[in-house]
Amino acid sequence: MSGSTIIFYLLAALTLVSGAMAVTTRHIFRAAIYLLFSLIGIAGLYFWMQYEFIAAVQIVVYVGGIVVLIIFSIFLTQSAGELLPKQKFGRTLFSALAAFCGLALTMVQVYEHTFEGTQESAIAPTVANIGNQMLGVNDTGYALPFEVVSMLLLAALIGCIVIALRSPKGVVATTKGQLTEDIKPVINIKETESIN
Amino acid sequence: MTLEPGLYHILFISAALFFIGVFGFFTRRNLITMLMSIELILNSVNLNFIAFNKYVWPNRLDGLFFTIFVIAIAAAEAAVAIAIIINLYRSHQSIDVDRTTELKY
């Protein structure tokens, strides 16, 4: 058993165990930290497969961005040290059963299928090759999706600001003149909150 | 099935991670933990793309590009979802999905 194999199994164990802990622990802050380790394990698997650029992107975007964002939102919305409510036993049991059956079905299908790799020479996933193809406008280029994703990110940015904006009068973002009975008590809570 | 890690091992990790995420999505009732489950699911998909790129079509980089775009879209999705969650918490003082029934009106 070579060192590479041992590292692979260690990374796999890190990813799966922390992933399982992230969805089962009742401390929400610990769940975020377990998610962090699971994402680091996946980045390690990308390094193991020698896709260094994707591994770096994984660490920068997920570990440095999304997990920090999740931790901030936990601080904003949860009271510290409070446990998540316990789930009904039946719900947990049937969810576990459904997940296990799905996994078994998928793996049976995968193991029955033989994947035949291509015989052509490999392209190294270097940053130069990635950049050339990313902005290429020929048949294999990805210039159009690149531009579409940049528009999507701009839309998401503006959308986040509009959604999370606290309006000056304390009114929840809703269409003017369509305040129904259900929404009114919510506005009252908001107004008392802003007075306090 | 050998002990030497290859495509099938990575596919197993990816499938297991996917269904861990599905299990979390079924059992959790807090919006932030449900978002964490979605992140796990998206990451398992990325792992699949990279594994197929490396072991089945190493002469192309398409799997890698799909992974990059999925990461970008997942980041945008997480940001919008957290903005909605914080707004929901402001108006309902709770982010439990069982208690947010007013959202549909």
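Tabulated data
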read-out	value
Rounded to the nearest 20 debye, dipole of the protein assembly as shown from Cβ charges on Lys, Arg, Asp, Glu	1060 debye
In Hz, Karplus ³J(HN,Hα) per residue of the range B:23-29 (6.51, -1.76, 1.60; θ = phi - 60°; x = Gly, Pro)	4, x, 5, 6, 8, 6, 10
Check: the range B:7-104 dipole with +1 on Lys, Arg Cβ and -1 on Asp, Glu Cβ, in debye	40 debye
Cα-projected label distance for A:T5 with B:D98, points at 7 Å along beta-carbon direction, nm	4.8 nm
Inter-chain shielding of A:17-23 (mean C-beta neighbours from other protein chains, 10 Å cut-off)	6
Chain B, Rg to Rh (Cα coordinates; Rh as Kirkwood inverse mean 1/r)	1.12
Leading residue at positive end of dipole, the protein assembly as shown (Cβ point charges), from A:G90, A:A122, B:M36	A:G90
Cut-off under 5 Å, modelled amide H: who pairs with B:R60 long-range	A:I123
Positive-end residue, chain B charge dipole about Cα centroid, Cβ charges, pick of B:N87, B:L7, B:A72	B:N87
Per-residue [θ]222 nm for chain B (sum of -39500 (n - 2.57) over DSSP H runs n ≥ 4, rounded to 500)	-26000 deg cm²/dmol
Inter-chain shielding of A:152-163 (mean C-beta neighbours from other protein chains, 10 Å cut-off)	4
Test item: A:90-103 mean partner chain Cβ contacts at 10 Å	4
Stokes-Einstein translational diffusion, the protein assembly as shown - Kirkwood Rh over all Cα pairs, 0.890 mPa s, 25 °C, in µm²/s	115 µm²/s
Distance from the range A:103-159 to the range B:42-78 (C-alpha centre basis), Å	5 Å
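Computed from the coordinates by the stated procedures, all read-outs in this text should not be read as laboratory data. All values derive from a computational prediction rather than experimental measurement. In this analysis, Cβ positions are derived from the backbone assuming ideal geometry, glycine residues included, and neighbour counts consider all displayed protein chains.
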